[in-house]
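The values are calculated or read from the model by the stated rules, or taken from the named source; none is laboratory data. Keep in mind the model is a prediction, meaning the values are calculated, not measured. Using ideal geometry, Cβ is built from the backbone for each residue, glycine included, and neighbour counts are taken over all protein chains shown.
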Amino acid sequence: MVTKTDSPRTSTPPAPMVRALVFDLDSTVFFGRACMFELIRGQLKGKGIDFTASSFEKYCAAIPVSHCAKGLEKMASKLNLSLEAEISAVNEQFAKLVESGKLKANAPVVSLLEHAAKDGVPMGALSFLPEPQARALLGRLGLEGKASLQCITASARFTLSAWRAILHPFKLVDDPDHAVALTSCQASAFAAIGAGMRCVTIPDEFTAHQDLTGVDLVADDPKELHYKTVMALLSPCGFRPKS
């Protein structure tokens, strides 16, 4: 039996979902970690210390690039050494590299961000560098004014609050699961996931061995990382169930 209604039913299509792309500026978009390793190795060579990649992984690879030199304090304590002068020199050299525009960028990741900018995707950059240095890096990418910047200079750790600090003050999206984070190490990835975001990790030579269980996409070769693949993580069928 069919019952006629007085007026035809109308349906309103749902509003398009706002999606956001957030990223670790210092060590995912730029090769800050590799640069810091070379600077530290050079400084310690002068003290007769053979600083290897495995030493860097142990003391420095799990913390933000701008705090890597501080990771040496733990090593210095174990070796009963004073490395204050070397740590200060490393930080100064790194700052000069950033300011001179010589810090190398990860070209495939930069290409992905350029694609997102053309599509008008809201973007946020997380940096642990002083704001002038971080803005200089954004400027090199052509993203000054196109990506919100959150600088957290006081913290030496990747935290949930650090990632959330990008979204809420700048109102990129209403819900963290409408954002995908680009990371390069376990600590950063787990913090982004804990903040409720989807996560893509692009490990480097120092973080490739880390346990990345739970990461949505691991791009061992960044050249194979495609914009559409990343943004597809935010499709409705890709959402994680809320606890």
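Pairs meeting the criteria (first residue in the range 187-205 and among the charged types (D, E, K, R), second residue part of a strand (DSSP E or B), beta carbons under 6 Å, at least 6 apart or on different chains) are Arg198/Val180. Condition check for Arg157 on (1) part of a helix (DSSP H, G or I); (2) within 18 Å of Cys185 (Cα to Cα): one failure, at (1). Apart from one condition, Asn106 fits all of (1) in contact with a Lys or Arg (Cβ under 9 Å, 6 or more places away or on another chain); (2) closer than 28 Å to Ile40 by Cα; the exception is (1).
So how many residues does the range 116-154 have that are assigned to a helix (DSSP H, G or I), in contact (Cβ under 8 Å) with a residue 12 or more places away in the chain and among the basic types (Lys, Arg)? Going through the range 116-154 one residue at a time, the tally reaches 2.
Residue check: is Asp177 more than 20 Å from Cys60 (Cβ to Cβ) and either touching a Leu at 6+ places or on another chain (Cβ under 9 Å) or modelled with pLDDT of 90 or more (or both)? It is true that Asp177 is more than 20 Å from Cys60 (Cβ to Cβ) and either touching a Leu at 6+ places or on another chain (Cβ under 9 Å) or modelled with pLDDT of 90 or more (or both). Please verify whether the range 78-96 includes one or more residues that are among the hydrophobic types (A, V, I, L, M, F, W, C) and closer than 30 Å to Val230 by Cβ. Checking the range 78-96: at least one residue is among the hydrophobic types (A, V, I, L, M, F, W, C) and closer than 30 Å to Val230 by Cβ.
Answer with yes or no whether Phe128 is touching a Ser or Thr at 6+ places or on another chain (Cβ under 7 Å) and of a type in the set (Phe, Trp, Tyr). When the stated conditions are applied, Phe128 passes them.
Put simply, of Val90, Val121, Val110 the only residue that is at pLDDT 95 or above and touching a helix residue (DSSP H, G or I) at 6+ places or on another chain (Cβ under 9 Å) is Val110. Counting only residues that are among the β-branched types (Val, Ile, Thr) and within 16 Å of Ala181 (Cα to Cα), which one in the range 92-117 is surrounded by the fewest Cβ atoms within 10 Å (Cβ to Cβ)? Checked the range 92-117; the qualifying residue surrounded by the fewest Cβ atoms within 10 Å (Cβ to Cβ) is Val110.
Scanning the range 121-131 finds one or more residues that are exposed (fewer than 15 other Cβ atoms within 10 Å of the Cβ) and within 18 Å of the chain's Cα centre (by Cα). Among residues of the range 185-230 being within 20 Å of Ala165 (Cα to Cα) and aliphatic (A, V, I, L, M), the one that is surrounded by the fewest Cβ atoms within 10 Å (Cβ to Cβ) is Ala187.
The single condition from (1) within 22 Å of Pro130 (Cβ to Cβ); (2) at pLDDT 90 or above; (3) not basic (Lys, Arg) that Phe56 fails is (1).
Specify the residue that is farthest from Ala34 (Cα to Cα); the eligible residues are those in the range 171-224 that are among the acidic types (Asp, Glu) and part of a helix (DSSP H, G or I).
Residues of the range 171-224 that are among the acidic types (Asp, Glu), as a first pass: 174-175, 177, 204-205, 211, 216, 220-221, 224.
Now narrow it down to the ones that are part of a helix (DSSP H, G or I): 177, 224.
Numbers: Asp177: 31, Glu224: 21 Å.
Here the residue is Asp177.
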